[in-house]
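The structure appears below as structure tokens.
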Amino acid sequence: MGFNLEQDLQARYTAGLYRSRKTLDSPQGPEVVIDGQPFLAFCSNDYLGLANHPEVIASFRQATDNYGLGGGASHLVVGHSRAHHQLEEALAEFTGRERALLFSSGYMANLGVISALLGKQDAVFQDRLNHASLLDAGQLSGARFQRYLHNDVNNLETRLQKTSARRKLIVTDGVFSMDGDIAPVQALSELAEQHQAWLMVDDAHGFGFLGATGGGVAQACGLSQKQLPVLVGTLGKAFGTSGAFVAGSDALIETLIQFARTYIYTTAMPPAVALATQTSLALLQEQSWRREHLQSLIQCFRKGCEQLGLPLMPSNTPIQPLLVGCEKRAVKMSQLLSERGIMVTAIRPPTVPKGSSRLRITFSASHELHHINRLLDALKMVVQSTGTEDFTDVSTGFKKSLSMTGVLP
């Protein structure tokens, strides 16, 4: 019989779910060059505008003189440089944890942590809208895998009451990457304590933006290491570099060093990236104006969309999804924006549930007010050309689904 790959690809294309890569010809920033054409971009996760910061770049260049480029080996062989060690110490201090451990990516961090902590005698409880890396890790861990309704603490409690697992791990995103809303981490922490469970938060999209100095949901909610034992963050978003880290107790980090296969069997990130990240970490904490400016842009955009009657999802983070519903219409709107020189990505199933396709609009501290106004003008024209008749139905249906999961009253 063989593999009929072409048929599967054609089916995805017909369903409006086909994905195509775009080639970036410039550094990250509000104004980029993609496939040789200039665009105003609203689809990067470079929330604080540090990916092309001159001080971060200068640190990287200097570090290559001292360490060269490649990591050369895994951390447990001869790849763990002084630069890596210093960054781990800085991240531990930044998060208020005893120790931190670097991983090559957020995906590898999540796979490594959950598989190292859990086995067949254990149970993992995950938010239904968690990132794919968390869901994959839960399924691959061998533990009993359960998904609770989105941000629904009562539904989670019902599931916890029924388990007799040896270890119980509650796992959630801090800021949900496709919806932009924030997990009820305080309530989840209290529930974990009541049921002798651990809480793990992947705060990839919260670090840098949330908290007084950018410490994410843990800092914003004042959660200690005991209240939030496993804290994961990525460095390729607000930090503007690459890689990921896990922060927690000394025992947690030692356990990961001994048992996390995605740490043990992966070449260390380039030492120069670790040193550059130390610079971005300092900028992230010192320059509070980046968070303040970003918040003002978000509020301006939300007010503008309200005036246009556009159904933004409930989010006060740099992730501002415009709910469209139909997969093909989301793609069409993205294409029309592209024709007007604006790059916004259409997000479709399986990344989001069927019927909830959206334009995922993201903001950076590098954006200016005139960029927001240009986006709003373009959205107005695109909506007029594609019609507005089903926006209300989509928004109403989405709100109804949220109320059923306990997110809205």
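Tabulated data for the structure shown
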{"read-out": "Amide proton proximity set for residue 31, modelled H, under 5 Å, gap of 5+", "value": "41"}
{"read-out": "Separation of alpha-carbon centers, segment 187-236 and segment 25-70, rounded to whole Å", "value": "28 Å"}
{"read-out": "Chymotrypsin sites (Phe, Trp or Tyr not before Pro), loop per DSSP, at most 11 other Cβ atoms within 10 Å - longest free stretch of the chain", "value": "4-264"}
{"read-out": "Pairs beyond 29 Å (Cα-Cα), from 162/237; 226/354; 303/328; 120/237; 120/354", "value": "162/237; 226/354; 120/237; 120/354"}
{"read-out": "Relative packing of 134-140, 306-312, which averages over residues the other C-beta atoms within 10 Å, highest first", "value": "134-140, 306-312"}
{"read-out": "Charge tally in the Cβ shell below 9 Å around residue 111, where Lys, Arg are +1 and Asp, Glu are -1, residue 111 excluded", "value": "0"}
{"read-out": "Estimated D of the chain in µm² per second, where Rh is the Kirkwood radius over Cα pairs and Stokes-Einstein applies at 20 °C, 1.002 mPa s", "value": "96 µm²/s"}
{"read-out": "Global form of segment 151-298, assessed from the alpha-carbon gyration tensor, a/c cut-off 1.5", "value": "oblate"}
{"read-out": "Selected from 39, 69, 28, residue furthest toward positive end of dipole (segment 23-101; charges at beta carbon)", "value": "69"}
{"read-out": "Per-residue Cβ neighbour rank within 10 angstrom, fewest leading, 374, 348, 19", "value": "19, 374, 348"}
{"read-out": "Relative exposure of 185, 78, judged by other C-beta atoms within 10 Å (fewest first)", "value": "78, 185"}
{"read-out": "Anisotropy class of segment 221-297 from Cα gyration tensor, a/c 1.5 cut", "value": "oblate"}
{"read-out": "Lys, Arg +1 and Asp, Glu -1 on Cβ, resulting dipole of the chain about Cα centre, debye, nearest 20", "value": "940 debye"}
{"read-out": "Over the chain: helical MRE at 222 nm, DSSP H runs n ≥ 4 each giving -39500 (n - 2.57), nearest 500", "value": "-13500 deg cm²/dmol"}
{"read-out": "Kyte-Doolittle at least -1.0, axis length at least 24 Å by Cα - qualifying DSSP helices, the chain", "value": "289-308, 369-386"}
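Only the coordinates and a few stated rules stand behind these numbers; no lab work does. Bear in mind that the values here come from a model prediction, so they are computed numbers and not experimental data. Counting neighbours? That spans all protein chains shown, and the Cβs are built from the backbone with ideal geometry, glycine included.
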